[in-house]
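Structure first, then comments.
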Amino acid sequence: MSVAESIETPVEVVAENIGGIDSARVSLEPGINVLTGRNATNRTSFLQAIMAALGSDRPSLKGDAEEGEVELSFGEGHYRRSLYRRNDTVVFDGEPYLEDAELADLFAFLLESNEARRVVSRGDDLRELIMRPIDTDEIQAEIRQLEDEKREIDDRLDHLDDLKNELPSLEERRVSIDGEIENLEAELEEVEAELDDLDADVEESQSQKEGLESTFADLRSARRELESIEYDLETERESHAELENERERIETDLADLTDEDGDDESPERLQGRVQELRERKRDLDTTLNELQSVVRFNEERLEDGGIDLGDTVDDDTDAVTDRLLAGEDNVICWTCGSEVERDAIESTLERLQELHQSKLADRNALQEKIDDLTTRQKELRQRQNRRERLEERLDSIEDDLAAHGDRIDDLEDERTEQEARVEDLEDDTESFDDTDYSEVLEAHRDANGLEIEIENLEDERTEVDERIAELEATIEEREELDDRREEITDELADLRTRVDRIEDDAVEAFNEHMSSILSILDYANIDRIWIERREGTVKEGRRKVERTAFDLHVIRSTADGTSYEDRIEHLSESEREVTGLVFALAGYLVHDVYEQVPFMLLDSLEAIDSDRIAALVEYFETYADCLIVALLPEDASALDDAHNYVTEI
């Protein structure tokens, strides 16, 4: 997330063919900027131009233009956005201030259609909107990744503990080996001294003596070679057995995967089904949006009692300028211009609302099917990938088993040959028994046995020393692993509570600012408007999961001071607008939108009286470097003259 530039110098905006603007050049100042004028003076269009330059894709292109452009400059920054009409849609190009304007669209660009403003008056899901910018799936994936890493570290730490426990026994064995070697070397010295004495007493030919010594030397070497071959053979057999066990486990796993597979299911078939359902859902979304617009438009017209078809409606405000009542029970129809009964229009509107609810239920059912199929598709792909990995490993094991089998056969042949060689050399040494050197022979045999024992013990001591060094080096990892484990624990705690913290912060921010605003604006008969965060069970797909909900409460009091809870529908239009704006401000603060974009835009405040608008604007100005608000002249007159006023666009 980029950090917003601070606005300390004038902001220059040049717009062409945006909304209702042909061309405009406007200079804004840090602080509060008031766009003042009557209806149809392009104030809303100018706000849309700023939105476009900042990165929003919601602004519209002038109806009779094929392309438009807006440039925004302040400080050392220069930002440009172009709009083009392509196949009845508007596409955007250029280098805007923001790469992703989702947060700004939700919580900084507070025009009449802003979702955060409208969610209150429509009674929609407050929690869903405030949490929309949070990618909970990404958070859960990160949690799973950290949990896996933590498990691996725990396993490694357990292994290090086992190694640490192994060290004392190894050190004891090393001391024992040193003692045994020392004793054997002492025995060998005695035998060699005895041989020296025998050599002095016995007269023998030099060739016989050399032959005797050479035979024993060859025997020692042959025995060592035989031990080496037997060690290699045992190692190969153990490896072969481990591979056979692994092959058996993999074959079992593959059999289980085959049993779980359906005959007619595959990720590719499911992808086609998911794509089909998503296209149907997109069609339903379009229909729902159109129905919602129709319903909202007709509700507003019905509340106004119809319209005078001879009058025009300002595109920027969509306000009805004249309300004409044809009679207590009749209205002027805004579609055909004739006088009709209110009940007939209300009945039609009710059918439209029922159709909207029916389409919404169809859309939710489609989403549930999409979720189920997507989950199943993911499971099938995971199983397919696992099967491929197992089959690849099985092929590798077969190759390794063949190689180990060949090596075992070769070692068995070598062992047979070496055993025969040792046996021949032992026979050669026994041939000296028939000579006069039997005593010398026995002494040589004793010396030979002692030398072999000493060599074996020295080899074992070398292995023990190497193992001790390896363990000591490995155990040094523990401090690093402990530090990483602690970091992961902190990260997991942060991730697991991030959603809760954002929800708590949003509720706290709304309640705090709502209390302050109500105190400043002094609405009669409203004691408190506040959000309660509560846990509840909702259905997601086929599962029921625990989720939080935001309940909006309105507390009023009677003339005698008795408090009671009212419904949001009973608030005045002014009160609903203020509540929606405060909810948007809560999202602006909770998601640190001010760190992304230094602008805040306000429009369509006519439902609020001018003094309260002035107080509200002053309150909001605290949180944005540059606040731009569009007002009618009579509303703008209540603000301080020191602000920057823009009267022509």
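The values are calculated or read from the model by the stated rules, or taken from the named source; none is laboratory data. This one's a predicted model, so the numbers in the text were calculated from it and none came from an experiment. As a convention, Cβ positions derive from the backbone with ideal geometry for all residues, glycine included, and neighbour counts pool all protein chains shown.
Residues to consider are L277, L309; find the one that is of a type outside the set (S, T, N, Q), modelled with pLDDT under 85 and out of contact with any Cys (no Cβ under 7 Å at 6 or more places or on another chain).
On the way: L277 fails: modelled with pLDDT under 85.
L309 is the lone residue from the list that is of a type outside the set (S, T, N, Q), modelled with pLDDT under 85 and out of contact with any Cys (no Cβ under 7 Å at 6 or more places or on another chain).
Looking at the range 40-51, is at least one residue touching a Gly at 6+ places or on another chain (Cβ under 9 Å), farther than 25 Å from T647 by Cβ, touching a residue at least 12 places away in the same chain (Cβ under 8 Å) and crowded, with 23+ Cβ neighbours inside 10 Å?
No, every residue in the range 40-51 fails to be touching a Gly at 6+ places or on another chain (Cβ under 9 Å), farther than 25 Å from T647 by Cβ, touching a residue at least 12 places away in the same chain (Cβ under 8 Å) and crowded, with 23+ Cβ neighbours inside 10 Å.
Do you know which residues across the range 599-638 are under 21 Å from S113 (Cα atoms), assigned to a loop (DSSP other than H, G, I, E, B), under 37 Å from the mean Cα position of the chain (by Cα) and not small (G, A, S)?
The answer is D603, and nothing else.
Would you confirm whether any residue within the range 139-148 is under 30 Å from A584 (Cβ atoms) and out of contact with any helix residue (DSSP H, G or I) (no Cβ under 9 Å at 6 or more places or on another chain)?
yes
Which condition number in (1) surrounded by 19 or more Cβ atoms within 10 Å (Cβ to Cβ); (2) touching a strand residue (DSSP E or B) at 6+ places or on another chain (Cβ under 7 Å) is the one that G94 fails?
The number of the failed condition is (1).
Are any of the residues in the range 459-473 part of a helix (DSSP H, G or I), in contact (Cβ under 8 Å) with a residue 40 or more places away in the chain and of a type in the set (S, T, N, Q)?
First, the residues of the range 459-473 that are part of a helix (DSSP H, G or I): 459-473.
If we keep only those that are in contact (Cβ under 8 Å) with a residue 40 or more places away in the chain too, we end up with 460-461, 464-465, 467-468, 471-472.
Next, from what is left, pick out any that are of a type in the set (S, T, N, Q): none.
Within the range 459-473, none of the residues are part of a helix (DSSP H, G or I), in contact (Cβ under 8 Å) with a residue 40 or more places away in the chain and of a type in the set (S, T, N, Q).
Select, from E102, E152, E128, the only residue that is out of contact with any helix residue (DSSP H, G or I) (no Cβ under 7 Å at 6 or more places or on another chain) and more than 22 Å from T548 (Cβ to Cβ). Spell out the reasoning first.
Numbers: E102 fails: more than 22 Å from T548 (Cβ to Cβ); E128 fails: more than 22 Å from T548 (Cβ to Cβ).
Only one candidate qualifies: E152.
So, in the range 68-81, of the ones that are out of contact with any helix residue (DSSP H, G or I) (no Cβ under 7 Å at 6 or more places or on another chain) and more than 16 Å from A24 (Cβ to Cβ), which residue ends up surrounded by the most Cβ atoms within 10 Å (Cβ to Cβ)?
Looking at the filtered set, the residue picked out is F74.
If you take the residues in the range 418-469 that are among the basic types (K, R) and within 24 Å of E180 (Cβ to Cβ), which one is modelled with the highest pLDDT? Don't jump to the end; show me each part of the working.
Filtering the range 418-469 for residues among the basic types (K, R) gives 421, 445, 461, 467.
Add one more test, that the residue is within 24 Å of E180 (Cβ to Cβ), and what stays is 445, 461, 467.
Numbers: R445: 73, R461: 90, R467: 85.
If we take residues in the range 418-469 being among the basic types (K, R) and within 24 Å of E180 (Cβ to Cβ), then R461 is modelled with the highest pLDDT.
Quick one: E532 ticks every box in (1) of a type outside the set (A, V, I, L, M, F, W, C); (2) modelled with pLDDT under 90; (3) not in a loop (DSSP other than H, G, I, E, B) bar one, so which box is it?
(2)
I want to confirm something. Restricting to the range 539-592 and keeping residues that are of a type in the set (D, E, K, R) and assigned to a loop (DSSP other than H, G, I, E, B), which single residue is modelled with the highest pLDDT? Write out each step before concluding.
Taking the range 539-592 as the starting set, the residues that turn out to be of a type in the set (D, E, K, R) are 539-540, 542-544, 546-547, 551, 556, 560, 565-567, 569, 573, 575-577, 592.
Retained after the next criterion (residues that are assigned to a loop (DSSP other than H, G, I, E, B)): 542, 560, 567, 592.
Values: R542: 56, D560: 80, R567: 85, D592: 91.
Top of the filtered list is D592.
Could you tell me which numbered condition E194 fails, if it satisfies all but one of (1) of a type outside the set (A, V, I, L, M); (2) more than 30 Å from F550 (Cα to Cα); (3) buried (at least 16 other Cβ atoms within 10 Å of the Cβ); (4) at pLDDT 80 or above?
Going through the list (1) of a type outside the set (A, V, I, L, M); (2) more than 30 Å from F550 (Cα to Cα); (3) buried (at least 16 other Cβ atoms within 10 Å of the Cβ); (4) at pLDDT 80 or above, E194 breaks only (4).
Just the residues that are at pLDDT 85 or above and small (G, A, S), please, taken from the range 323-360.
Once the filter is applied, which keeps residues that are at pLDDT 85 or above and small (G, A, S), the range 323-360 yields only S358.
Report, by residue number, each residue of the range 549-564 that is of a type in the set (D, E) and exposed (fewer than 10 other Cβ atoms within 10 Å of the Cβ).
To start, the set of residues in the range 549-564 that are of a type in the set (D, E) comprises 551, 560.
Once the filter is applied, which keeps residues that are of a type in the set (D, E) and exposed (fewer than 10 other Cβ atoms within 10 Å of the Cβ), the range 549-564 yields only D560.
For the range 477-493, does any single residue satisfy the condition of being in a helix (DSSP H, G or I), at pLDDT below 85, touching a helix residue (DSSP H, G or I) at 6+ places or on another chain (Cβ under 6 Å) and surrounded by 12 or more Cβ atoms within 10 Å (Cβ to Cβ)?
Yes, there is a match, as at least one residue in the range 477-493 is in a helix (DSSP H, G or I), at pLDDT below 85, touching a helix residue (DSSP H, G or I) at 6+ places or on another chain (Cβ under 6 Å) and surrounded by 12 or more Cβ atoms within 10 Å (Cβ to Cβ).
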